[in-house]
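> My questions all concern the structure below.
Just so you know, all these numbers are worked out from the coordinates, no wet-lab data involved. All of these numbers come straight from a predicted model, not from anything done at the bench. Cβ atoms come from the backbone with ideal geometry, glycine included; neighbour counts cover every protein chain shown.
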Amino acid sequence: MFGQYDIPIRIEQEGITISVQKEEENFLYRRECLGESVEKILLAGPTKALLNPVEPVNKPKALASHLLIEFASILQVEPKGTRNIFLTFPVEIAVYISTNEEFEVIDTFTMSRQKFTLYGDPINGVICKYWKSSIYPAKPPLNHMEEGFIELAVTNTTASWVEVTKAVFNAYGMKIYYDDERVSMKANMKLKGGGSAETEFIEDPLVEGMTKSLEIYTARKLSVTKKKFIMEFGL
Amino acid sequence: MMLDKVLYHSVTVFDLIVVAIILIIAIVITKALSLYLKRFLREKVTRGHLEILVKVASYSILIVALLIILPLLGVKLSGLLVAGGIAGLAIGFASQSVIGNLISGLFLMVERPIAIGNVVNIDGTVGIVEDIRIISTTLRTFDGPFMRVPNQKIFTANITNYAQNVARRFEYMIGIRYSDDADKAIEVIKKLIEDHPLILINPAPMVFVDSLGDNSVNIVASIWAPATEWFGVKMELLWKIKKALEKEGIEIPFPQRVVWFANELRGGELRDSK
């Protein structure tokens, strides 16, 4: 389903219906997914449409710019050690259209569960999109329309064992890749002293040949300076 | 000597050089202070307010420099001070509230108990902060009208800022009949809370039997939501809870009294006479 299409289009897959059809002088965009339907009249002559996974922080409302993944089991990391684990994350899909090679997002939708949480205290904390994931030692088999996976390199820079129960990521720095079977990201998590950690995404596909997503914050040309996140309210 | 040469009255070339040095020092201090203020307060106050603060600080230094320079240039301040003192007294009385508001405005800009767009309660007046100016602040109350509040009043008032924190808690008290299953009711409410996307996972919501009231078993639901969304969630959820409880056969009771009679009812006497 992900990829670039010539307009007009009609896609029906896994309960999702997307169409951009000419209607008199304009184009009509329609999308249905899990009982939610959207209809928009496009006052332009779009030539291409692009569907790809984007930062999972836009639905049901763009309230947060961080993603908190709670681990289903507690992770103990050895002193001065680095280990790679796999986590899942919710997939949100954006529909872009283009008239002159520049893509603009017109719709986002998701088939994943929507929930928010607070990381930190109500005064200094941050509202995050919430997701609970098991910890996998290898790439888990997933429905790529609903879930993607993050290959997370956890590095313990301290001289003692560190217990980790969650990871918080800044959505502005997400680098999402996809192919016909999976959606993935790569990230680092450096555990530091005092119960803090630093997370950041790596601009590198999990497997050669995967396509880089056009992220929403890139498409909107937002200048993003902070891509890392410092977890200072506990692990 | 050249430096001792009198130019007019008792003002010498040396005095002029001192005046020039004082002016240069004052200008350098002004520039340095404005740079420091801009750097230090850049993230604490808005750009417009920062400009005002910098101007106030700069002009204050220049006025002090002027007061030092004038006697060196042969201007006697004693006469000016007498005239200025009387005028200042009059102006001071007249502009007491203006100055008070101005200073309060400066403190508000630095302390920032409220910001534009915040929902606040200032001494009982609830509204959205539209603008914070140097003398006054404007609020838009929820029924529409704009309200201008002098900064001095805001500075001394009790302020509740509903948007200062990123998350906010709200509570419902739901009464159910004594004959209903409270555990089942709690389960139904918890399910609704879990399914609502805007209710936060952490801090965790709490649902528990709070009290055994006169007419009902009272269940409290304590829920956290993002500060920008809490009111919408609060409005939406209560009716959903009511409908979900009713669907499970759990009802919210009316006030009721059980009345015991000391003697049997008159109906009983009539039955006996037959």
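> So which residues in the stretch A:122-139 are under 23 Å from A:GLU92 (Cα atoms), in a loop (DSSP other than H, G, I, E, B) and within 14 Å of chain B (Cβ to nearest Cβ), if there are any at all? Don't jump to the end; show me each part of the working.
First pass over the stretch A:122-139, keeping only residues under 23 Å from A:GLU92 (Cα atoms): A:126-136, A:138-139.
From what's left, in a loop (DSSP other than H, G, I, E, B): A:134-135, A:138-139.
Listed by number, the list is empty, since nothing qualifies.
> Counting just the residues of the stretch A:8-40 that are within 16 Å of A:PHE109 (Cα to Cα) and among the basic types (Lys, Arg), which one comes out surrounded by the most Cβ atoms within 10 Å (Cβ to Cβ)?
In this case the residue turns out to be A:ARG31.
> Just name the residue that is nearest to B:ASP214 (Cα to Cα) out of those in the stretch B:134-187 that are more than 14 Å from chain A (Cβ to nearest Cβ) and of a type in the set (Lys, Arg). Steps first, please.
Initially, the stretch B:134-187 is screened for residues more than 14 Å from chain A (Cβ to nearest Cβ), giving B:134-160, B:171-187.
Imposing the further condition that a residue be of a type in the set (Lys, Arg) reduces the set to B:140, B:148, B:153, B:177, B:184.
On the way: B:ARG140: 42, B:ARG148: 46, B:LYS153: 44, B:ARG177: 10, B:LYS184: 21 Å.
This residue is B:ARG177.
> Also: Would you check which residues across the stretch B:195-221 are within 14 Å of chain A (Cβ to nearest Cβ) and over 32 Å from the mean Cα position of the chain (by Cα) and list them? Walk me through it before giving the result.
At the first step, the residues of the stretch B:195-221 found to be within 14 Å of chain A (Cβ to nearest Cβ) are B:195-205.
Once the filter is applied, which keeps residues that are within 14 Å of chain A (Cβ to nearest Cβ) and over 32 Å from the mean Cα position of the chain (by Cα), the stretch B:195-221 yields only B:ASP195.
> Here's another thing I want to ask about it. Taking B:ILE154 as meeting all but one of (1) crowded, with 16+ Cβ neighbours inside 10 Å; (2) assigned to a strand (DSSP E or B), write down the number of the exception.
Among (1) crowded, with 16+ Cβ neighbours inside 10 Å; (2) assigned to a strand (DSSP E or B), B:ILE154 violates only (2).
> Another question, then. Quickly run through the stretch A:103-121 and pick out the residues that are among the hydrophobic types (A, V, I, L, M, F, W, C) and either away from every other protein chain (no Cβ under 14 Å) or on the phi > 0 side of the Ramachandran plot (or both). Let's see the steps before the verdict.
From the stretch A:103-121, those among the hydrophobic types (A, V, I, L, M, F, W, C) are A:103, A:105-106, A:109, A:111, A:116, A:118; that's our starting set.
A:PHE103, A:VAL105, A:ILE106 - these are the residues of the stretch A:103-121 that are among the hydrophobic types (A, V, I, L, M, F, W, C) and either away from every other protein chain (no Cβ under 14 Å) or on the phi > 0 side of the Ramachandran plot (or both).
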